[in-house]
1. Criterion first (over 25 Å from Asn38 (Cβ atoms), among the basic types (Lys, Arg) and open to solvent by 20 Å² or more (accessible area, probe 1.4 Å)) does Lys147 satisfy it?
2. Specify which of the listed residues (Glu254, Glu221, Glu232) is at pLDDT 95 or above, in contact with a strand residue (DSSP E or B) (Cβ under 9 Å, 6 or more places away or on another chain) and of a type in the set (Asp, Glu).
3. Being under 20 Å from the mean Cα position of the chain (by Cα), over 22 Å from Tyr67 (Cα atoms) and polar (S, T, N, Q) is the filter here, so list the residues in the range 209-253 that pass it.
4. If Pro248 satisfies every condition in (1) crowded, with 16+ Cβ neighbours inside 10 Å; (2) within 15 Å of Lys175 (Cβ to Cβ) but one, which is the exception?
5. With the requirement that a residue be of a type in the set (Asp, Glu) and either within 30 Å of Tyr150 (Cβ to Cβ) or without any contact (Cβ under 8 Å) to a residue 40 or more places away in the chain (or both), what does the range 210-237 give you?
6. Name the single residue that is nearest to Val209 (Cα to Cα) among those in the range 244-277 being in contact with an Asp or Glu (Cβ under 8 Å, 6 or more places away or on another chain) and in a helix (DSSP H, G or I).
7. Pick out, from the range 1-99, the strands (runs of 3 or more DSSP E) lying fully within it that include 2 or more residues that are open to solvent by less than 40 Å² (accessible area, probe 1.4 Å).
8. Give the range 100-112 a look and list any residue that's touching a helix residue (DSSP H, G or I) at 6+ places or on another chain (Cβ under 8 Å) and open to solvent by less than 50 Å² (accessible area, probe 1.4 Å), or say none.
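The values are calculated or read from the model by the stated rules, or taken from the named source; none is laboratory data. Quick caveat: nothing in here was measured; it's all calculated off a predicted structure. Methodologically, a virtual Cβ is constructed for each residue, glycine included, from the backbone with ideal geometry; neighbour enumeration extends over all protein chains shown. What goes into the accessible areas is simple: the full protein's heavy atoms, side chains included, and nothing from ligands, DNA or RNA. Shrake-Rupley method; radii C 1.70, N 1.55, O 1.52, S 1.80 Å.
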Amino acid sequence: MILVVGGSSFIGRGIQDLIKEKPFAKEFIFTYNKHPENIENKFQKVKLDLQDEKDCELARNFSYCIYLAGNSLHNMAYNNPIMDLDLNVRNFLNFMKHFRGQLILLSSQAVYYGLTGEIPENIIHYPTIPYGISKRFQEEYAKYFYKIGYLSKLWIFRLMYSFGKGERMDRLIPKCAKSAVNGDIVKVLGGGRSFLNPLPVNFVAEVLVNALLTMKEEDNEFLEVTNLNHSEKVSVLDIVKFLHTIKPFNYIVEEKGEIWPVSFWGSTEKLSRYLKKWNISFPNIWEDLEIYFKNLLTNMREKNYE
């Protein structure tokens, strides 16, 4: 059986959508803490509060895990670094008191903050923002558990940006859709120069599931770190301008105001090799953005979103 920790999350829901018609779907168990409704009833689901050490004992029953849990809010890490450390590091340590086996860990390219340009996975760097620090700590603890044998195999994915069904409504693309429906103004800070190189959530899910299946088949020890972002350089302003061509909305570009501009992007050389092995191609980002944006507009109009 395969445990998906954070199974009710944005990426967790993407995995559900991907595998729900697959014959191996019955092998997956999705965890939730507060939102069981985010896990479809056709899947096995179990409550898991990672802050409760007793709850974490269920990890003993599994040898395979996709770990998606943790804080995803950069501003929360800035305002409350202790809580950020609890959610990204302490909770992971609680889980690892009991889990032994093969792990897919979803991390973040926030570990590259302070760098500029294209970044390969093997670079040694200490991030310059609280969120990146906690994610780096989580990665290093995972590598430590691999070194001492708690993890027989480990694959860390550093996600840059994903979009799609189930994402928070305060993120960029839903904010643009909301503006198109009710006239809100979207502020694009820092001139919109930050890179996103985004991937649709279904593609991210496909990569993670294929990685798990590949890792399970490996006979030898396995430790891998892979960037997870599109090969095409795409900025915030690129996306805003593109969405505006589909349905106009109010936005203003301000040169200042962005606390942590993203001047880096992950090298996709390693990811591309695995995609070739799995017979998967990078998605057409503009087609996926258009489909998703139009769906958001339709749903918001139906709900009289304001």
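1. Considered against the rule, which asks whether it is over 25 Å from Asn38 (Cβ atoms), among the basic types (Lys, Arg) and open to solvent by 20 Å² or more (accessible area, probe 1.4 Å), Lys147 comes out as yes.
2. Exactly one of Glu254, Glu221, Glu232 is at pLDDT 95 or above, in contact with a strand residue (DSSP E or B) (Cβ under 9 Å, 6 or more places away or on another chain) and of a type in the set (Asp, Glu), namely Glu254.
3. Once the filter is applied, which keeps residues that are under 20 Å from the mean Cα position of the chain (by Cα), over 22 Å from Tyr67 (Cα atoms) and polar (S, T, N, Q), the range 209-253 yields Ser231, Ser235.
4. Among (1) crowded, with 16+ Cβ neighbours inside 10 Å; (2) within 15 Å of Lys175 (Cβ to Cβ), the lone unmet condition for Pro248 is (1).
5. Glu217, Glu218, Asp219, Glu221, Glu224 - these are the residues of the range 210-237 that are of a type in the set (Asp, Glu) and either within 30 Å of Tyr150 (Cβ to Cβ) or without any contact (Cβ under 8 Å) to a residue 40 or more places away in the chain (or both).
6. Per the stated criteria, the residue is Lys270.
7. 2-5, 28-32, 64-67
8. Selection gives Gln102, Leu103, Ile104, Leu105, Leu106, Ser107, Ser108, Ala110, Val111, Tyr112.
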